[in-house]
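Scroll down for the structure; my scribbles are underneath it.
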């Protein structure tokens, strides 16, 4: 087996990755599939942290549009949704023998730890998967940016951005059969062309921190493990030559 390319990774997955196609809420089959993908990487001795969104339950910027709820409140509701998702991922991972910790940017000490950077790093060093919840604890900041921030704080080697397709394409591969996958992009190309892979602020933070982003299809079985081993399918985003 080839030597792993990365030793510490941060996986960013949307809340929609925890539910069945075209559904909302949490789906046990999707949860277990995610946990099994993570376990394949844990078994390589790789340190893993996860940031999961909350859009399968509440999308804060959307809920406020058609209700009297203030947008700020909606964002806090979205943060709480990520905590629900985080503890769902935690229980699923532990059901297959993977030790975990959930750390939240909001204090909810009955169900998870408060985020403390040094403690998070220590958990990683002890082989625990650390699941970061509640974004940065601030409204108007997406989980993409929260993921980039946590990746920088724990000194991750790479940020894996999970999607439903095999990377970044020249067009939407779902609707355009002629779309081709781009194997490599630079941070500047993603920012200047507003490609929408992640928030510009998240890409900028990764660029300043020197953390590459790898966009991959997490639903392709074994793909995350293959990426860690340097042979997975997806798109690498870095500073270029």
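Numbers below:
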quantity	calculated
Residue among 146, 167 that is buried (at least 17 other Cβ atoms within 10 Å of the Cβ) and on the phi > 0 side of the Ramachandran plot	167
Residues of the range 93-126 satisfying the condition of being within 21 Å of residue 8 (Cα to Cα) and assigned to a helix (DSSP H, G or I)	93, 94, 117, 118, 119, 120, 121, 122, 123, 124, 125
Residue match in the range 11-23 (condition: more than 18 Å from the chain's Cα centre (by Cα) and touching a residue at least 40 places away in the same chain (Cβ under 8 Å))	no
Residues of the range 143-173 that turn out to be in a loop (DSSP other than H, G, I, E, B), out of contact with any helix residue (DSSP H, G or I) (no Cβ under 7 Å at 6 or more places or on another chain) and either in contact (Cβ under 8 Å) with a residue 24 or more places away in the chain or closer than 15 Å to residue 117 by Cβ (or both), as a count	7
Selection from the range 175-202 of residues that are in contact with a strand residue (DSSP E or B) (Cβ under 7 Å, 6 or more places away or on another chain) and assigned to a helix (DSSP H, G or I)	187, 190
Hits in the range 196-209 (condition: farther than 21 Å from residue 153 by Cα and buried (at least 16 other Cβ atoms within 10 Å of the Cβ))	197
Any hit, the range 19-28, residues being at positive phi and out of contact with any strand residue (DSSP E or B) (no Cβ under 8 Å at 6 or more places or on another chain)	yes
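Throughout, read-outs are computed from the coordinates displayed, never taken from laboratory work. All values reported here derive from a predicted model rather than from experimental measurement. In this analysis, Cβ positions are derived from the backbone assuming ideal geometry, glycine residues included, and neighbour counts consider all displayed protein chains.
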